[in-house]
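The values are calculated or read from the model by the stated rules, or taken from the named source; none is laboratory data. On a predicted model such as this, the values are computed, not experimentally measured, just so you know. Note that each Cβ is placed from the backbone with ideal geometry, even for glycine, and that neighbours are counted across all protein chains shown.
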Amino acid sequence: MKNITIAVDGPAGAGKSTIAKIIAEKLNVNYIDTGAMYRAFTYLIISKNINFDAKDKIQHELKNAKIEFKNNHIYLNDNIIDDEIRADIINKNVSKLAKLAYVREHLVFLQKAIADKGNVIMDGRDIGTKVIPNAKYKFFITASLEERGKRRYKQIIKKTPGIVLDELIKDIARRDSIDSTREASPLLKANDAIEIDTTYKTLDEVVSIIVDYIMKGES
Ligand code: DC
């Protein structure tokens, strides 16, 4: 399979990255987690104690930061920061930076350059609508809020004992709201995307639906 481009969008916790990673391996394409790029930049701004209103300073950091996603790792200035970007402080703040049009413009520019090389599966919120509007395959992955909360809970309970499911659900709902109502490319299903509600589906089922669809398209 050559030069295949796949866009995967959907709300927080729907399982996009787990699904996209497996598909990348099965189809031998590069996986790019664009959410990790927004998280990496948020990590940088928070670690430098920069206020989210300080546009000039944020723009300066944008210009100088080297943010890359390769081999399933997120790099900031050549350092892997996979764990740092999953911290609670990043969960709570990332949508505040991701809603700024000038931040998005820069990261979308980087993402388009990666997508232009082809052979990629990219997940995020605006991949099918903004980053790769001409992607051959587009999927929009959803699940009920409660189910997404439960999945996140299972993922992080070992590392974060004492976490409360209700709090997690509220946090996801708050992020959904910011991601969907922001002015700059809000979370939207592309008209030509295939929507898959994963609430009552296993991971294997969802992966099969997507892989079968792509294989048909390529045959
Ligand atoms: O998918 P995630 O939870 O790691 O995404 C982190 C944040 O970044 C989330 O608030 C949505 C935002 N995001 C975005 O606005 N556009 C993308 N293409 C990817 C993520």
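The single condition among (1) under 16 Å from the mean Cα position of the chain (by Cα); (2) of a type in the set (A, V, I, L, M); (3) loosely packed, with under 13 Cβ neighbours inside 10 Å that ALA113 does not satisfy is (1). Here SER185 fulfils each of the conditions (1) at pLDDT 95 or above; (2) hydroxyl-bearing (Ser, Thr, Tyr); (3) more than 22 Å from THR18 (Cβ to Cβ) apart from (1).
Is it the case that segment 201-215 has a residue that's touching a helix residue (DSSP H, G or I) at 6+ places or on another chain (Cβ under 7 Å) and either at pLDDT below 95 or among the hydroxyl-bearing types (Ser, Thr, Tyr) (or both)? No, segment 201-215 contains no residue that is touching a helix residue (DSSP H, G or I) at 6+ places or on another chain (Cβ under 7 Å) and either at pLDDT below 95 or among the hydroxyl-bearing types (Ser, Thr, Tyr) (or both).
Taking the condition within 16 Å of the ligand (Cβ to nearest atom), free of Cβ contacts under 8 Å to residues at least 40 places away in the same chain and on the phi < 0 side of the Ramachandran plot, does ALA40 pass?
Numbers: within 16 Å of the ligand (Cβ to nearest atom): yes; free of Cβ contacts under 8 Å to residues at least 40 places away in the same chain: no; on the phi < 0 side of the Ramachandran plot: yes.
Spelling it out, it is not the case that ALA40 is within 16 Å of the ligand (Cβ to nearest atom), free of Cβ contacts under 8 Å to residues at least 40 places away in the same chain and on the phi < 0 side of the Ramachandran plot.
Before we move on, is LEU203 under 25 Å from ALA65 (Cα atoms) and among the hydrophobic types (A, V, I, L, M, F, W, C)? Spelling it out, it is not the case that LEU203 is under 25 Å from ALA65 (Cα atoms) and among the hydrophobic types (A, V, I, L, M, F, W, C).
Tell me which strands (runs of 3 or more DSSP E) are completely within segment 96-213 and hold 2 or more residues being aromatic (Phe, Trp, Tyr) and within 16 Å of the ligand (Cβ to nearest atom), or say none if there are none.
On the way: elements: 120-124, 137-142, 194-197.
The strands (runs of 3 or more DSSP E) meeting that bar are 137-142.
Among the residues of segment 1-17, the ones that are touching a Lys or Arg at 6+ places or on another chain (Cβ under 9 Å), farther than 10 Å from MET122 by Cβ and within 16 Å of the ligand (Cβ to nearest atom) come to 6 in all. Filtering segment 143-184 to residues that are buried (at least 19 other Cβ atoms within 10 Å of the Cβ) and more than 19 Å from ARG86 (Cβ to Cβ) leaves only ALA143.
Here's a check for you: in segment 70-90, which residue that is assigned to a strand (DSSP E or B) and either touching a residue at least 60 places away in the same chain (Cβ under 8 Å) or in contact with a strand residue (DSSP E or B) (Cβ under 9 Å, 6 or more places away or on another chain) (or both) is nearest to ILE114 (Cα to Cα)? Residue satisfying both the conditions and the ranking: LYS70.
Residue pairs whose Cβ atoms lie under 6 Å apart, sitting 6 or more positions apart in sequence or on different chains, and linking a residue in segment 201-217 that is farther than 20 Å from ARG148 by Cα to a partner that is surrounded by 12 or more Cβ atoms within 10 Å (Cβ to Cβ), are VAL211/LYS26; ILE214/TYR137.
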